[in-house]
Amino acid sequence: MRAVVRGLIEGQWKDVIVEEGFIVDVCEAGVGVITGARLVDTAGLLLPGFVDVHVHGGGGADVMDASMEAFEQIAATHARHGTTALVLTTVAASREATLAALAAWRTPGAWRGADVLGFHLEGPFIHPAKRGAHPAEHLRAPSPEELRAYAEAGPVRMVTLAPELPGADEVIRTAREFRIVVSLGHSASTYDEAMRAFDLGAQSATHVFNAMDGLDHRRPGLAAAALDRADAMVEIILDGVHVHPAIARLAVRAKGRHGVILVTDAVSVVDMPEGRYWFAGAEMVYRAGEVRRPDGTLAGSALTMERAVQVGLAHGVFLLDDVPDVAAANAARLLGERRGRIARGYRADLVALSADGAVTHTLVGGRLVHCA
């Protein structure tokens, strides 16, 4: 069925014409033929739907719950905040638990939220000294055989890897065989080790500055390598807690609008009340917008893409014109997805924002999944 989505695009009121889930035309509002089409007039700023490649949970559900019910709850929760496509992200766990999460995925029929693009394996191939909230007992040396087993069990799209660990080179080669994006992170690597991994085919850095050495003018490590490497992208958790806005501004200046990917690293507490929850095999405390272990270690976030965009604009990390790239197009390009642009031939994933930056409408494939 044809649909028409109306909103403000680049300062002009436009109609986005949608057929079979894809954009077939973008024209001046009211000019196109809309007879028999369903009209969604957002009366707001229309942007490409947000793409989040790093999501552990939301709405009380966790990816490691390993069920389609949990996956749908996560997708529906984040759709309320403008996310139209996401990558379900695991934590370091037993091989059996990870395989169970991957094997739980089934192609859905009716679906309430964002499209699920596959899985991001954050662990087990990470450095013990930079594990963050990941359980130490489930960290393992990079193994191409283990990655192959995961790729055969479910739709793996990304893997986070510490490139300094023995076996990392072979894992990068195996990932390329399966068209899995390698993102360097949870790592104590040197600059040279990181650059070698990029040479071998790694493409991005997982939540840059977090779970890796900071910038050091004499001993540059992974963060410096990712910023310096022109063809590498960097994830940023822009909640004002994980990365100071001043450092985020430096990252955007270094990488440009096409090299930064906003992510949430969200856990199950999104849209839930404050309190005590469970994540990565241990208790966490959600209070005042932060999620931490009882010892103070950050354990993911309560962030949404809606909030990340608001924080970035409020602190001058990027401009409004940059939002389509940092919140959608760059992540889509990393995964080879035809999303993240309001243009003919692209998936009709759209988000509308009010004047104060709040999400009012979320459309996935031209289908309205959220209306405030």
Completion exercise
From the option list ALA175, ALA114, single residue qualifying as closer than 30 Å to LEU363 by Cβ, modelled with pLDDT of 95 or more and either of a type outside the set (Val, Ile, Thr) or open to solvent by 50 Å² or more (accessible area, probe 1.4 Å) (or both) is ALA114
Practice task
Mind telling me which of the residues PRO142, PRO108, PRO124 ends up being touching a Lys or Arg at 6+ places or on another chain (Cβ under 8 Å), part of a loop (DSSP other than H, G, I, E, B) and touching a residue at least 12 places away in the same chain (Cβ under 8 Å)?
Solution key: PRO124
Problem - Which listed residue is closer than 22 Å to VAL252 by Cα, touching a Lys or Arg at 6+ places or on another chain (Cβ under 7 Å) and open to solvent by less than 20 Å² (accessible area, probe 1.4 Å), from SER183, SER204, SER187 - result: SER187
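Looking at region 252-369, what strands (runs of 3 or more DSSP E) fall wholly within it and have at least 2 residues that are open to solvent by 30 Å² or more (accessible area, probe 1.4 Å) and more than 18 Å from VAL116 (Cβ to Cβ)? Reasoning before the result, please.
Numbers: elements: 260-263, 275-279, 282-287, 290-292, 350-353, 359-364.
Counting at least 2 such residues, we get 275-279, 282-287, 290-292.
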Practice task
Output the residues belonging to region 205-239 that are part of a loop (DSSP other than H, G, I, E, B) and farther than 16 Å from ARG131 by Cα.
Solution key: LEU215, ASP216, HIS217, ARG218, ARG219, PRO220, ARG229, ALA230, ASP231, ALA232, LEU238, ASP239
Exercise for the section: Please find, among ALA226, ALA246, the residue that is of a type in the set (A, V, I, L, M, F, W, C), crowded, with 17+ Cβ neighbours inside 10 Å and under 26 Å from ALA266 (Cβ atoms). Expected result: ALA226
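Scan region 14-25 for residues that are in contact with a strand residue (DSSP E or B) (Cβ under 7 Å, 6 or more places away or on another chain) and either free of Cβ contacts under 8 Å to residues at least 60 places away in the same chain or surrounded by 18 or more Cβ atoms within 10 Å (Cβ to Cβ) (or both) and jot them down.
LYS14, ASP15, VAL16, ILE17, VAL18, ILE23
Looking at region 35-64 only, could you name the residues that are in contact (Cβ under 8 Å) with a residue 12 or more places away in the chain and of a type in the set (Val, Ile, Thr)? Steps first, please.
First pass over region 35-64, keeping only residues in contact (Cβ under 8 Å) with a residue 12 or more places away in the chain: 36-64.
Hits for region 35-64 are VAL40, THR42, VAL51, VAL53, VAL55, VAL63.
Which is outside any helix (DSSP H, G or I), open to solvent by 30 Å² or more (accessible area, probe 1.4 Å) and at pLDDT 95 or above, of GLU137, GLU164, GLU152? Don't jump to the end; show me each part of the working.
Values: GLU137 fails: outside any helix (DSSP H, G or I); GLU152 fails: outside any helix (DSSP H, G or I).
On inspection, the qualifying residue turns out to be GLU164.
Can you tell me which residue is farthest from VAL156 (Cα to Cα) among those in region 80-111 that are polar (S, T, N, Q) and surrounded by fewer than 22 Cβ atoms within 10 Å (Cβ to Cβ)?
Start the filter on region 80-111 by keeping residues that are polar (S, T, N, Q), which leaves 83-84, 89-90, 94, 98, 107.
Adding the requirement that they be surrounded by fewer than 22 Cβ atoms within 10 Å (Cβ to Cβ) leaves 94, 107.
Numbers: SER94: 17, THR107: 14 Å.
Restricting to residues being polar (S, T, N, Q) and surrounded by fewer than 22 Cβ atoms within 10 Å (Cβ to Cβ), the top hit is SER94.
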Exercise for the section: Show the residue pairs that are 6+ apart or on different chains and have beta-carbon atoms under 9 Å apart, the first residue being within region 261-288 and at positive phi, the second being open to solvent by 60 Å² or more (accessible area, probe 1.4 Å). Expected result: ASP271/ARG80; GLY275/ARG287; GLY281/GLU137; ALA288/GLU274
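Being under 19 Å from the mean Cα position of the chain (by Cα) and in contact (Cβ under 8 Å) with a residue 24 or more places away in the chain narrows it down to one of ILE180, ILE172, so name that one.
Working: ILE172 fails: under 19 Å from the mean Cα position of the chain (by Cα).
Testing whether each residue is under 19 Å from the mean Cα position of the chain (by Cα) and in contact (Cβ under 8 Å) with a residue 24 or more places away in the chain leaves just ILE180.
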Problem - All positions within region 68-83 that are among the polar types (S, T, N, Q) and over 15 Å from ALA266 (Cβ atoms) - result: none
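Quick check on THR77: is it polar (S, T, N, Q) and part of a loop (DSSP other than H, G, I, E, B)? Walk me through how you get there before you give the answer.
Details: polar (S, T, N, Q): yes; part of a loop (DSSP other than H, G, I, E, B): no.
Criteria not met by THR77.
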Practice task
Could you check MET1 against (1) under 21 Å from CYS371 (Cβ atoms); (2) open to solvent by less than 80 Å² (accessible area, probe 1.4 Å) and say which number it fails?
Solution key: (2)
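The values are calculated or read from the model by the stated rules, or taken from the named source; none is laboratory data. What you see is a predicted model; the values in this text were computed from it and never measured. Neighbour counts run over all protein chains shown; Cβ positions are idealised from the backbone, glycine included. The protein model used for the area step is the full one, side chains on, heavy atoms only, and it has no ligands, DNA or RNA in it. Shrake-Rupley method; radii C 1.70, N 1.55, O 1.52, S 1.80 Å.
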